[in-house]
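Note sheet for the following structure.
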């Protein structure tokens, strides 16, 4: 997998499905590249086609998209709509949950069921299956969801300092390494014996009154810090160096974690690769051009291909663009908008 080339191209250019083994109840046919369509959900509550930047489908009543999932040719959206209450969207059409909640944060499809992670109002956060509340908690703030069979896994934090994993069995605290820590994303590896979970996130340190974020990865609850690998010249700038892990996905024995690193200037889109078959060896790549603010926000595995979504901000023009890369190839750019999620159909 040419992730090094991916990073090089990202530098030169100025974060469910598709995870077929997890959220599908049957084998998903993986299309040839030429037949694939990349859809992105954005802060303006729309779904765009990356091929030409056109609006693929309006989302009735949606004001922003939080996350997306797919199953076959169908796509599902979690988001917010102030005039709707508790809704998710299936192929662009709103589907109501059973109470008037405020927002849906993440969504997954498993064994013909649709699971939604949502704000459940006074009871805290809830997991809904086919529109009906099946679990709730007020112990943690949650933002990401994964499902295998009839078991769900949601991550976030307790009191904004302790990372938390919410499952059918309740809330479990994850190791925080002694620092305030937040879990941001989760991916699952399942077999007939067990389910392994990979969780991305960050912990916060305060140095001379400045809060720094350090990217982290949990593998079945064991915390490791992702390397920032700054050059000597960057270290000598005497600026604050930090980073963040936004999303995680796996392919075989490789874990892909994406986010950013910064030496106190612009953020640089980053892809970390962890090999589970080589003593958890981690390799780091980052965007070479620091003149543009950029970070990787989502990663998806589709067959043997790795897709990464980046946000880039031109400080001179104050303009945003959203880009999706497959391996070492730029698949498309949508200018002027901020993407929050994407799927491949």
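The values are calculated or read from the model by the stated rules, or taken from the named source; none is laboratory data. None of these values were measured; they are calculated from a predicted model. FYI the Cβ positions are ideal-geometry reconstructions off the backbone, even for glycines, and counts take in every protein chain you see.
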Filtered residues of the range 88-109 (kept if more than 20 Å from the chain's Cα centre (by Cα) and at pLDDT below 90):
96, 97, 98, 99, 100, 101, 102
Go through (1) at pLDDT 90 or above; (2) more than 23 Å from residue 248 (Cβ to Cβ); (3) surrounded by 15 or more Cβ atoms within 10 Å (Cβ to Cβ) and name the single condition residue 143 misses.
(2)
Pairs where the first residue, in the range 116-128, is on the phi < 0 side of the Ramachandran plot and surrounded by fewer than 21 Cβ atoms within 10 Å (Cβ to Cβ) and the second is assigned to a strand (DSSP E or B) and modelled with pLDDT under 95, C-beta under 7 Å, 6+ apart
119/125; 123/136
Residue identified as at pLDDT below 70 and either under 28 Å from residue 189 (Cα atoms) or surrounded by fewer than 18 Cβ atoms within 10 Å (Cβ to Cβ) (or both) among 7, 78
7
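One line per residue, one yes/no per condition, for (1) assigned to a strand (DSSP E or B); (2) out of contact with any strand residue (DSSP E or B) (no Cβ under 6 Å at 6 or more places or on another chain); (3) under 22 Å from residue 299 (Cβ atoms):
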| site | (1), (2), (3) |
| --- | --- |
| 122 | no, yes, no |
| 128 | yes, no, no |
| 133 | yes, no, no |
| 152 | yes, no, yes |
| 171 | yes, no, no |
| 175 | no, no, no |
| 185 | yes, no, yes |
| 192 | no, yes, no |
In the range 228-243, is there at least one residue being buried (at least 17 other Cβ atoms within 10 Å of the Cβ) and either at pLDDT 90 or above or closer than 21 Å to residue 143 by Cα (or both)?
yes
Restricting attention to the range 261-279, does a residue exist that is outside any strand (DSSP E or B), more than 17 Å from residue 220 (Cβ to Cβ), in contact with a strand residue (DSSP E or B) (Cβ under 7 Å, 6 or more places away or on another chain) and modelled with pLDDT under 85?
yes
